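The values are calculated or read from the model by the stated rules, or taken from the named source; none is laboratory data. Just so you know, these numbers come straight off a predicted model, no measurement behind them. Here the Cβ positions follow ideal geometry from the backbone for every residue, glycine too, while neighbour counts run over all protein chains shown. When the accessible area is computed, the model is the full protein with side chains, heavy atoms only, and any ligands, DNA or RNA have been set aside. Shrake-Rupley method; radii C 1.70, N 1.55, O 1.52, S 1.80 Å.
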Amino acid sequence: MAYSSCILRVDTSNSNIMNWEQLLSLQRAGDTKIRHRNDQDETRLGFEVDFDRVIFSSSFRSLQDKTQVIPLSQKDFVHTRLTHSLEVSVVGRSLGRIVGKKIIEKHPNLADLGYTFNDFGAIVAAASVAHDIGNPPFGHSGEKAIGEYFINGGGKKHKQFLTAAQWQDLIDFEGNANGFKILTNGYIGADEGLRLSYATLGAFMKYPKESLPKKPTNNIVDKKFGVFQSQKHLFEDVVSTLGLKKFREGQYTAYHRHPLSFLVEAADDICYSIIDFEDGINLGLIEEEFALEYLINLVKDRIDTQKYHALQFKKQRISYLRALTIGTLIEEASDVFLANEEAILQGEYNVSLLDKCKYEAQLNDILKISRAKIYNSTEVIEKEVAGYRVIADLLDVFINAVNNSYEGKATNFDKLIVNLLPEDARLFPENISDRIMLVCSYIAGMSDGTAMLLHKKIIGGIIL
């Protein structure tokens, strides 16, 4: 798929301030003419098309069997990556609409161009529903398992054939960068790129930088990375079209965030901090009375005490406090964004919105309890350990089979393994980095259950 465009690009990366007209770009990869907001079908806006394309993608469907917090839970009320992503999109839509209404009032030229507050909501919702689409099986430990395979496992033998940046992409394998890969190129055997608008891609990219240098500053842009070397060509086209400001010059470029990515991040932070906590309570990992005290501390000025005390059951009380808490944090995150809009557009705001909110201390208390009681629980750790083994073994088998087949040295076993790949994955790239990343993205696209079942069939010996 070709991504070059005939549209004239204006490089504003070194200007003093980003502007909303560019940031709300409807352009898509491969466009040969400029898309205008006033040309859109009002019954289905371009940014709403982005949301629909994510929802209907096979990559999104696989999230239904990917770990959010509790791996492979048999409880139907526990969140998966899919339910989490849907909830984040709902919160993100509210954040986008609240902020968008004020932005349109402040910048009336946007209304003249046809933009409404619903466009802001649609962009943030689409980026939010896609925010975890690149995450491997077994939660964040899946990312670490891929990196560990290359640092200390069978993958370290490939280092000599790769550039420093290609190697860093592997040893710090990042779900955000893999998500950008899926949304733009697709991954082998799945969606051939979704052709989302550049505004949505910009809002999706929480870390618009390469993997090198690794965390050179405390700026939020440098916390992780958001693009693999294989997607740099499209990444540069996106940031140029959007007019994102350069954060760093040099061999490895980095850009300041698209402003709406702060809202995507806030939606994710609100959901995982509060809803993971709720899961922990419902699973009995956190004592109810202890947990309710922490939630009440966050919303004590907003509780309808008569309504609260009339609730008879634990789930009702938790649900009421969760809804009240999320609504409170949506308002707070919106206020922080609007108070710092100019600094954000100038690239001078460098922390998350919730880090600046008045409830930071209460949120930190909740996260501290979640880490101790949920994220470090025996159930979670046992599944993460198994996930390390499953991912390492699958990487070893598939990378060796692909490379041996490309080099004409395939054993009968290698040939059988290659036949397990989707048909479009059997035309191996010439570049070894691309071949390795092909396998990494293929395995990262698996659900927890698929990865375990395939491992059991190929390797055997592990029953979860």
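Only one of Gly243, Gly193, Gly179, Gly226 is modelled with pLDDT under 95 and either open to solvent by less than 40 Å² (accessible area, probe 1.4 Å) or not polar (S, T, N, Q) (or both). Can you tell me which?
Numbers: Gly243 fails: modelled with pLDDT under 95; Gly179 fails: modelled with pLDDT under 95; Gly226 fails: modelled with pLDDT under 95.
The conditions single out Gly193.
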### Top-ranked residue of segment 279-289 - restricted to ones that are over 18 Å from Leu324 (Cα atoms) and open to solvent by 10 Å² or more (accessible area, probe 1.4 Å), ranked as farthest from the chain's Cα centre (by Cα)
Glu287
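How many residues are in contact (Cβ under 8 Å) with a residue 24 or more places away in the chain and out of contact with any Ser or Thr (no Cβ under 7 Å at 6 or more places or on another chain) if we restrict to segment 349-368?
Restricting attention to segment 349-368, the residues satisfying the condition of being in contact (Cβ under 8 Å) with a residue 24 or more places away in the chain are 349-354, 357-359, 362-363, 365-367.
Checking the rest, the ones that are also out of contact with any Ser or Thr (no Cβ under 7 Å at 6 or more places or on another chain) come to 349-354, 357-359, 362, 365.
Result for segment 349-368: 11.
I'm checking my understanding of the structure. Among residues of segment 290-312 that are surrounded by 13 or more Cβ atoms within 10 Å (Cβ to Cβ) and hydroxyl-bearing (Ser, Thr, Tyr), which one is nearest to Lys358 (Cα to Cα)?
So the first thing to find is which residues in segment 290-312 are surrounded by 13 or more Cβ atoms within 10 Å (Cβ to Cβ), and the list is 291-292, 294-299, 303, 308, 311.
If we keep only those that are hydroxyl-bearing (Ser, Thr, Tyr) as well, we get 294, 308.
Details: Tyr294: 15, Tyr308: 24 Å.
Among those residues, the one meeting the criterion is Tyr294.
Residue-wise test of (1) outside any helix (DSSP H, G or I); (2) not polar (S, T, N, Q).
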| site | (1), (2) |
| --- | --- |
| Pro137 | yes, yes |
| Lys144 | no, yes |
| Glu148 | no, yes |
| Gly155 | no, yes |
| Gln160 | no, no |
| Phe173 | yes, yes |
| Gly179 | no, yes |
#### Entry: Enumeration of residues in segment 353-406 that are open to solvent by 60 Å² or more (accessible area, probe 1.4 Å), at pLDDT 90 or above and part of a helix (DSSP H, G or I)
Asp355, Lys356, Glu360, Ala361, Asn364, Asp365, Lys368, Tyr388, Arg389, Tyr406
### Query
What's the number of the condition Lys315 fails, among (1) outside any helix (DSSP H, G or I); (2) open to solvent by 70 Å² or more (accessible area, probe 1.4 Å)?
(1)
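Which residues, counting only those in segment 36-64, are basic (Lys, Arg) and touching a residue at least 24 places away in the same chain (Cβ under 8 Å)?
Arg37, Arg53
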### Message
Which of the numbered conditions does Ala333 fail, given that it passes all the others? Conditions: (1) more than 24 Å from the chain's Cα centre (by Cα); (2) under 27 Å from Asn135 (Cα atoms).
### Response
(1)
### Query
How many residues are crowded, with 18+ Cβ neighbours inside 10 Å and either assigned to a loop (DSSP other than H, G, I, E, B) or out of contact with any helix residue (DSSP H, G or I) (no Cβ under 7 Å at 6 or more places or on another chain) (or both) when one looks only at segment 429-454?
3
